[in-house]
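Peer 1: Before I ask anything, here is the structure I am working with.
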Amino acid sequence: MAELEEQGEIAKLSLPVSIKRDHIQGKSDARVTLVEYGDYECPYCGQAYMIVKEIQKQLKDQLRFVFRNFPLTQIHPHAQQTAEAAEAAGVQKKFWDMHDILYENQQALDYYHLVEYATVLGLDIERFNNDLFSHVHAGRVREDFISGVRSGVNGTPTFFVNGVRYNDSWDYGTLLDRLLFIIKQKQY
Amino acid sequence: MQKSRISSSSASKPSDYVRYAPSTILKAGTPAPDFTLHTTPDQKVSLSEFRDRPTILAFYPADWSPVCGDEMTLFNEILPEFEKFNAAMMGISVDGVWCHLAFSKDRKLRFPLFSDFEPKGEVAMKYGVYRREDGVSERALFVIDKDGIIRWSYVSPIGVNPGAQGILNALESLNSQKEKVGVNKE
């Protein structure tokens, strides 16, 4: 049976980033890939949202950013539906717009606000509603969640840098430094 | 010139408390020490009550860390995955029963929290995971099989939530070994 595992073992992304299923900002040949597992109702993810935006401004083409769902449904009552709403926007090609609106409005994630955001984004509301009520995207959200569990996600947000779980502080300075370090390494 | 000698018999004896603290975590193959602790102000539960099911025992330093997805919240979210293996989930820290009660309510936990409060950290010490300098337990995980034998154990750096992957791997291994040679019983 399993030996005592080494301290500080590496937690790795179990589901590789795929352009077929993931929400990605940036190109496949970017020097560094940052994956975030997040919950729209989690205040720490709200902070991380701002930090990632700043980092994206700094790193531009050198960074590829991927967002995956990790709703903590037991403590965040709106998290599941909100995640499905973002996916519903995604099938109508507006994932990132919706993702941003949600993080900018974390105190207003009830159903009526979700419809308001969908309306603002010009989505087909009938389709959006149908997706939510039929839970068309619940399977996708669950797939994200399980992939996170399998990868050693240990809270929200959890970041993976080039497929390895990032355990340090994700404050702007520390995270940016780590990404820059990796980018520099790849130049050799 | 005579050197003065301090008689060793006048030095204080190490207390049982000190002697009883092993420095290393119990490893796979060791029988899991039984214990009986409060899970609520008026209820005590023993580990041995969970014989015949795999058990996950998660030691953690303290309730109320200020993060959304702290370890207990995370395991609470992942509980259905553990239940697929018929595994019983348990958290244990040195916090008192009322603290556990409030924390459990706040995080809507669906598994018991054991209070390793009096004597402080005694169970953590039995498992080799007590941090005497801090007065809390390590962040340590144990997967115990239905015969009461530890099958996997892991200590995470105190500031790093270990996540659930190690536990799930261990539970899967238990399943795949079910049909194989039986365990050496003491």
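Where a number appears in this text, it was derived from the coordinates with a stated rule and is not lab data. Keep in mind that what you see is a predicted model, and the values were worked out from it rather than measured. Here the Cβ is made from the backbone with ideal geometry for all residues, glycine too, and neighbour counts use every protein chain on show.
Peer 1: Within 10 Å of each Cβ in peptide A:155-162, how many partner chain Cβ atoms are there on average? Round it to a whole number, please.
Peer 2: Mean partner shielding for this stretch: 3.
Peer 1: Right, here's the next one. If you take each beta carbon of peptide B:162-168 and count the beta carbons of other chains within 10 angstrom, what is the mean? Mind dumping the intermediate values first?
Peer 2: Details: counts 5, 11, 6, 12, 5, 1, 3.
So the per-residue partner count for this stretch is 6.
Peer 1: Just grab the label-to-label distance for A:Lys57 and B:Asp42, each label 7 Å out from Cα along the Cβ direction, in nm (one decimal).
Peer 2: Roughly 5.8 nm, to one decimal.
Peer 1: In this model, which of A:Lys94/B:Lys105; A:Lys12/B:Lys120; B:Lys27/B:Lys108; A:Lys94/B:Lys84; A:Lys60/A:Lys186 are farther than 28 Å apart at the alpha-carbon?
Peer 2: Violating the 28 Å Cα-Cα cut-off are A:Lys94/B:Lys105; A:Lys12/B:Lys120; B:Lys27/B:Lys108; A:Lys94/B:Lys84.
Peer 1: Give me a single rounded figure for A:70-76: the average over its residues of other chain Cβ atoms within 10 Å of their Cβ.
Peer 2: Per-residue shielding by partner chains comes out at 5.
Peer 1: Moving to a separate point now. Hey, what's the Kirkwood Rh for the protein assembly as shown if you take every pair of different alpha carbons, in angstrom? It would help to have the intermediate numbers written out before the result.
Peer 2: On the way: mean 1/r = 0.0439 Å⁻¹.
After inverting the mean inverse Cα-Cα distance, the result is 22.8 Å.
Peer 1: Taking only C-alpha pairs under 8 Å that are 6+ residues apart, what is the relative contact order of chain A in percent?
Peer 2: Values: 250 pairs, mean separation 64.9, N = 188.
Relative contact order comes out at 35 percent.
Peer 1: Suppose the chain between A:Glu126 and A:Tyr111 were pulled fully straight at 0.36 nm per residue; how much longer would it get relative to their current alpha carbon spacing?
Peer 2: Contour length minus the Cα-Cα distance gives 4.0 nm.
Peer 1: May I ask you to derive the FRET efficiency for A:Gln47 and A:Gln74 from their Cβ-Cβ distance with R0 = 30 Å, giving the value to the nearest 0.05?
Peer 2: Values: r = 21 Å, r/R0 = 0.71.
Working from the Cβ atoms, E equals 0.90.
Peer 1: Label B:Glu83 and B:Lys27 with points 7 Å out from Cα along Cα→Cβ: what is the distance between them in nm?
Peer 2: 3.6
Peer 1: Mind checking segment A:64-136 for chymotrypsin sites (Phe, Trp or Tyr not before Pro) that DSSP puts in a loop (not H, G, I, E or B) and that have at most 13 other Cβ atoms within 10 Å?
Peer 2: In loop regions of segment A:64-136 (DSSP not H, G, I, E or B), there are no sparsely surrounded chymotrypsin sites (Phe, Trp or Tyr not before Pro).
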